[in-house]
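Notes to accompany the following structure.
Since every read-out is calculated from the coordinates, none of them should be taken as a lab result. As the structure is a computational prediction, the values presented were derived from the model and not from experiment. A quick note on method: Cβ atoms are made from the backbone with ideal geometry, for glycine too, and the neighbour counts reach across all protein chains shown.
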Amino acid sequence: MPSNSNPFWLRYTPQFIRQRLEGRATLHAIIHNTGWLLGDKALRLGLGLLVGAWVARYLGPSQYGELTYVVAFVAFFQTITLLGLNSVAIRDMARDREASPVILGTVFRLRLITGFFCWLAGVAAMALFRPGDTDTLILTAVVAGTVIFQAADTIDLWFQSQTQSRRTVVAKAIAYVLNSMLKIGLILVKAPLLYFALAMLMEFSLAAIALYVSYRIYPAPFSWKWDMEWAQRLLKESWPYMISGLAIMVYIRVDQIMLREMCGVHELGIFSAALPLSTTWYFIPMMISQSAGPSIAKKKLTDPAGYEYALNRLFSMMWWMLLPLSICIALFSSPVVHLLYGDAYTESASVLAIHVFANIPVGLGVMQSIWILNERRNTLSLKKTVIGAITNIGMNLVLIPRYGAIGAAISTLFSTLISGVLTNLYFAPKIFKRQVMSLFGV
């Protein structure tokens, strides 16, 4: 008989699974948390692909390319606003609940101030980067406003540290559905490009409001506080993660910026149409890392053998989930692209068939980040991602002029492989061996 402490869903699992899970409260929390995150991503995957494809069809490759160019540009400033604090703050709150009010209050203020200056910097940078291009500057001013509302995601850090991501999921899902309905309305009334940029800003503002309401209903048992000492302590450890995040953003987004400058907005639109079908699956390792991270951080302190075993299982899981997924998407890339985007985006199928395999090194790299965080080897993350970013830029300079969007996809695949896996040959040979051998369940 399952104990009263077991969750209700355990009653509906097969007997052999139920026997393994009964009485394991920590694992129940991880599975429950992962289930909510999976539900959120399934909603975004389904609704996002349909609405996103409809928007791309409506705007056409050129206007869609212009919008994604601005989004890619602003993404660098969004990364700066986060300050690399997510993993560090979640880890510290999971280990020391009493420190949570100071951590939350300090992170919120740091991000709010940084967000305001990043908005100014983003608009100024675009004015310098593309002088005289008023339309692009206006789009940037609107989309860059999202960085200010990112401060509200500090609430999510509390929910994650307590393995209660469903609070965030519900809040953001409501905002996402409302925003998707708005985009459909904009298509039906034949709205201009600027209104779709405004819709992006509205999604972030609605998500911030929804998170605030969720926190008011399920608050932490204390008031947030600002502390300069904690600010210095957090930033001292998090800055390599911020630089690492920027480097990651380089080899995720720089392709789009370089395509726009080298080949024009049409080729960028072709490339960008493939990205939602490829990069959406990054949520799988992110979700698993987010759910398992707090418990693994505790294992590091209390159960070293369990800690090592958990890391090995995570690497193996990435291979057996992401390899079959990538193969299937590559095989069916042509009919999927034609169904969603139409004839104008036919060339996106080849881009997708290549780009989707980047999911595997990305997944292995995300799992390694758990090890890096708990071993406090944060500079290793920085070195790996900087190498990946430099590789991507170098390959783009060679391949984009010759192959266009396909060249950018090849650059992404190889730069993620180098950053997520191959650099470990030098920096962390034992982790490299784990990453490779985990394919065979070793």
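Give the angle, between 0 and 90 degrees and rounded to the nearest 10, that separates the Cα long axis of helix 193-217 from the longest principal axis of the Cα atoms of the chain. The answer is roughly 20 degrees.
Count the net charge of all other residues whose Cβ sits under 11 Å from the Cβ of Leu311, scoring Lys and Arg as +1 and Asp and Glu as -1. Please list the in-between numbers first.
Values: positive: Lys299, Lys300, Arg313, Lys430, Arg434; negative: Glu308, Glu375.
With Lys, Arg at +1 and Asp, Glu at -1, the neighbours total +3.
Among residues other than Tyr403 whose Cβ falls under 14 Å from its Cβ, what is the net charge (Lys/Arg +1, Asp/Glu -1)? Within the 14 Å Cβ shell, the charges total -2.
When the square roots of the Cα gyration tensor eigenvalues are ordered a ≥ b ≥ c, the ratio a/c for segment 65-194 is 1.5 or more and a/b does not exceed b/c, which makes its shape oblate. Of Phe117, Phe222, Phe414, the residue with the greatest mean-square motion in the GNM of the chain, using alpha carbon springs below 10 Å, is Phe222.
A simple count of charges around Gly365, restricted to other residues whose Cβ falls under 13 Å of its Cβ and scoring Lys, Arg +1 and Asp, Glu -1, yields +3.
So what's the convex hull volume per residue for the Cα atoms of the chain, in Å³? Spell out each step's value before the answer.
Working: hull volume 66.4 nm³, N = 442.
Residue-normalised Cα hull volume stands at 150 Å³.
Among Leu178, Leu364, which comes first, then next, by fewest other beta-carbon atoms within 10 Å?
Values: Leu178 14, Leu364 27.
Final ranking by Cβ density, sparse to dense: Leu178, Leu364.
For the chain, the longest principal axis of the Cα atoms and the long axis of helix 378-403 meet at an angle of about 30 degrees.
Using only helices, what value at 222 nm comes out for the chain when you add -39,500 (n - 2.57) per DSSP H run of length 4 or more and divide by the total residues, to the nearest 500 deg cm²/dmol? Mind showing how you got there, number by number?
Numbers: 20 runs with 359 residues, N = 442.
Calculated from helices alone, the mean residue ellipticity at 222 nm is -27500 deg cm²/dmol.
Stretched out straight at 0.36 nm per residue, the stretch from Glu98 to Met262 would grow longer than its current Cα-Cα span by 53.8 nm. Seen against the Cα atoms of the chain and their longest principal axis, helix 228-263 is set at about 30 degrees.
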